[in-house]
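Accompanying notes for the structure given below.
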Amino acid sequence: MQVSSLNEVKIYSLSAGRSLPEWLSDRKKRALQKKDVDIRRRIELIQDFEMPTVSTKIKVSRDGQYIMAVGTYKPRVRCFDTYQLSQKFERCLDSEVVTFEILSDDYSKIVFLQCGRFVEFHSQHGHYYKTRIPKFGRDFSYHYPSCDLYFVGASSEVYRLNLEQGRFLNSLQTDAAESNVCDINPVHFLFAMGTAEGKVECWDPRTRNRVGLLDCALSSVTADTEIDGLPSVSALKFDGALNMAVGTSTGQVLLYDLRSSNPLIVKDHHYGLPIKSIQFQHQLDLIISADSRIIKMWNKDTGKIFTSLEPEYEINDVCLYPNSGMLMTANEAPKMSIYYIPVLGPAPKWCSFLDNLTEELEENPESTVYDDYKFVTRQDLENLGLAHLIGSSLLRAYMHGFFMDIRLYHKAKMMANPFAYEEYRREKIRQKIEETRAQRVQLKKLPKVNKELALKLIEEEEEQQITRKRKQKNLPSLLKDDRFKVMFENPDFQVDEQSEEFRLLNPLVSKISEKRKRKLKILEELEAQEQEEEEEPEGKASDAESSESSDDEKGWVEEVRKQRKLLRQEEKVKRQERFKEDQQTLLKPQFFEIKEGEEFRSFKDSAKKQKLMKKTLGDRLKLEEKLGTLNVSDTTVGSKQATFKLKKSEQQKKQQEAERQHRQERKTLRRSASHLKSRRGRGQLFH
């Protein structure tokens, strides 16, 4: 089954692949299916869905159970039962069929219009009756209310045959020399016929009078169209009560509203071939028009292309299975094509498995059509010297270029470029060189900032990959994390390895840093060699790196002590240097100006204030609490309550001290006075 896609619309070709000959035995067919993959993978939706040579017309019965097709050679009709997925019967005819119509819901009543002016009627058992019309017929339609058959052809008259009375009625006399197609509206039963002069005449069957005339040939000619002759009407189809589509022999499709003489939209196929079939798809408001080369599906309101389909062989007729996405074509080939387009609708109920099959194919996409073709543009054809093939059967136009057979492309390229083998050889040599370069020491790209930290992270990542279990998930790397990207780009984040905090936290940094510095030096040398493109023999890894291992706890403690001792020595040296600098500096007198309204007490107060302002809020609160100016207590709800006491000035302190001494003196005087009174009272008592 081949799959093609245009405008993101999947089209499944259900008739692709080779068919087996009928004369083969079942045993040989099974053997071929085992050997040939293409035969084994093909989908035979309906068994023997083909004609001996060519199929000309194809239709579906109103109940949807039977598919009928006519073709040659010999002239015959075949009926396929969809419920059994096989052929129900086959009947041979005396002459080729121009067109046919299924009058009943099933296959029990069929009318055939044949080439030799014959009209043949078939019933359920087979041939029923045969008659002739005066002129060669090209199309006919059945009028259900009156049981009349209307025949149009190589005459100005429209012949009427009444099937209830079994006789011809008076003909309709038209102004046209010849008529090509006709149709009857299914709602109000208006009869319309398309003439060879490019006009459409509308007749009322009740009064047998002409009620309208449309000049489609004049309306089909627009500023963008180029025509060689007079456009005649080649296809006609009604849609509902008011819409009608007309196809011309020059490849245009005109959509009319019966209330207007001007077309609503004109769609050109751009092939200049007669339109052979017009179908309406009501779910998506699409019109399906076909000429002998392409089937186009386009929106009837805007004219925008929905998708298109180009079969391998010329098209004679197109049939859309009712209320589904299945499309069948009668071709200039023995096999009749079946296409399934899921966007148009679901698969018919007798082949509902197609929906599941296409869903599986969408989940597991495979190569589409044109696998054995090469897409080339017009410029490529000119470079290859094949521009003269444009318009021939060797090139198939597609979008902005053409598809051509891949074998023809290779031959033309070999002739146009005889040195292609040398280019191929150079390309292979370059690939081999690239493979050998990949086996060299892989350079690690380190950032500009914190190179040693990045190297440390890379080493830890490699160790984790070796020791990590299979079930454990891969942890994200800091080097690839955007949150830490600035740390390896901004120089402000450079790690200071000489700081006291870093040396105490990383006591073994001296040995590890030496090892990493050696690595960094090697990497820088390799980068320089790569930039200069000099090929040098690869060096062996140093033994020091492999021999050194991580120190134990005792060595770590000793290293910490050494680092602390070094830090104390460095601190002592710094203090001595600062002391020498202080001795060498000469202090010069400085004068300060006091603001108005302030008293100068001493430099100590200002120094104390400056020191106090430099302290944090927590330190200041602790100091205030020690001095007694702050009292912090817990409340019942768990919060803190702070009580502050304002500081007093020196004058307030002196005044408070004098008041305290005065209160103390008065207290002593009161005590002495009370003592004297008590003594006097005791003396009077003795007297």
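The values are calculated or read from the model by the stated rules, or taken from the named source; none is laboratory data. None of these values were measured; they are calculated from a predicted model. A quick note on method: Cβ atoms are made from the backbone with ideal geometry, for glycine too, and the neighbour counts reach across all protein chains shown. Accessible surface areas use protein heavy atoms only, side chains included; no ligands, DNA or RNA. Shrake-Rupley method; radii C 1.70, N 1.55, O 1.52, S 1.80 Å.
If you take the residues of the stretch 240-277 that are of a type in the set (Lys, Arg) and assigned to a loop (DSSP other than H, G, I, E, B), which of them is farthest from LEU230 (Cα to Cα)?
Among them, the one singled out is ARG259.
Mind checking which pairs have a first residue in the stretch 168-197 that is open to solvent by less than 30 Å² (accessible area, probe 1.4 Å) and a second that is β-branched (Val, Ile, Thr) and assigned to a loop (DSSP other than H, G, I, E, B), Cβ under 9 Å, 6 or more apart or different chains?
So the pair list comes out as MET193/THR174; THR195/THR174.
Being crowded, with 23+ Cβ neighbours inside 10 Å and of a type outside the set (A, V, I, L, M) is the filter here, so list the residues in the stretch 235-249 that pass it.
GLY247, THR248, SER249
If we keep just the residues of the stretch 492-508 that are open to solvent by less than 70 Å² (accessible area, probe 1.4 Å) and under 15 Å from LYS456 (Cβ atoms), which is modelled with the highest pLDDT?
Looking at the filtered set, the residue picked out is VAL495.
Inspect all residues belonging to the stretch 79-98 and state whether any of them is under 23 Å from HIS143 (Cβ atoms), in contact (Cβ under 8 Å) with a residue 24 or more places away in the chain, assigned to a strand (DSSP E or B) and not aliphatic (A, V, I, L, M). Give the steps one after another, and end with the answer.
If we filter the stretch 79-98 for residues that are under 23 Å from HIS143 (Cβ atoms), which is where we start, we get 97-98.
Remaining after also requiring in contact (Cβ under 8 Å) with a residue 24 or more places away in the chain: 97-98.
Subsequent filtering for residues that are assigned to a strand (DSSP E or B) retains 97-98.
With the extra rule that they be not aliphatic (A, V, I, L, M), the set shrinks to none.
The answer is no; no qualifying residue exists.
Which condition breaks for GLN252 when tested against (1) open to solvent by less than 20 Å² (accessible area, probe 1.4 Å); (2) under 30 Å from HIS270 (Cα atoms); (3) out of contact with any helix residue (DSSP H, G or I) (no Cβ under 8 Å at 6 or more places or on another chain)?
Tallying (1) open to solvent by less than 20 Å² (accessible area, probe 1.4 Å); (2) under 30 Å from HIS270 (Cα atoms); (3) out of contact with any helix residue (DSSP H, G or I) (no Cβ under 8 Å at 6 or more places or on another chain), GLN252 fails exactly one: (3).
Go through the stretch 105-120 and report how many residues are touching a residue at least 24 places away in the same chain (Cβ under 8 Å) and farther than 21 Å from VAL152 by Cβ.
Of the residues in that region, 3 qualify.
Inspect the stretch 323-333 for any residue being open to solvent by less than 10 Å² (accessible area, probe 1.4 Å), of a type in the set (Ser, Thr, Tyr) and in the same structural domain as GLN84 (by the TED database) and give the result as yes or no. Let's see the steps before the verdict.
To start, the set of residues in the stretch 323-333 that are open to solvent by less than 10 Å² (accessible area, probe 1.4 Å) comprises 324-331, 333.
Filter once more, keeping what is of a type in the set (Ser, Thr, Tyr): 324, 329.
This time we only want the ones that are in the same structural domain as GLN84 (by the TED database), so: none.
The answer is no; no qualifying residue exists.
The conditions are (1) closer than 25 Å to PHE280 by Cα; (2) open to solvent by 60 Å² or more (accessible area, probe 1.4 Å), and ARG208 fails exactly one of them. Which is it?
In the conditions (1) closer than 25 Å to PHE280 by Cα; (2) open to solvent by 60 Å² or more (accessible area, probe 1.4 Å), ARG208 misses (1) alone.
Mind listing whichever residues of the stretch 78-94 are farther than 30 Å from ARG117 by Cα and either among the small types (Gly, Ala, Ser) or open to solvent by 30 Å² or more (accessible area, probe 1.4 Å) (or both)?
TYR83, GLN84, LEU85, SER86
Might you check whether a residue that is hydroxyl-bearing (Ser, Thr, Tyr) and crowded, with 19+ Cβ neighbours inside 10 Å occurs anywhere in the stretch 291-305?
no
Out of SER219, SER155, I need the residue that is at pLDDT 90 or above, hydroxyl-bearing (Ser, Thr, Tyr) and outside any strand (DSSP E or B). Which one?
Just one listed residue meets the conditions, SER155.
For the stretch 287-398, list the strands (runs of 3 or more DSSP E) that sit wholly inside it and hold at least 2 residues that are at pLDDT below 90; which are they? I'd like the intermediate steps shown before the answer.
Details: elements: 295-299, 305-309, 315-320, 326-331, 337-340, 373-377, 395-398.
Counting at least 2 such residues, we get 373-377, 395-398.
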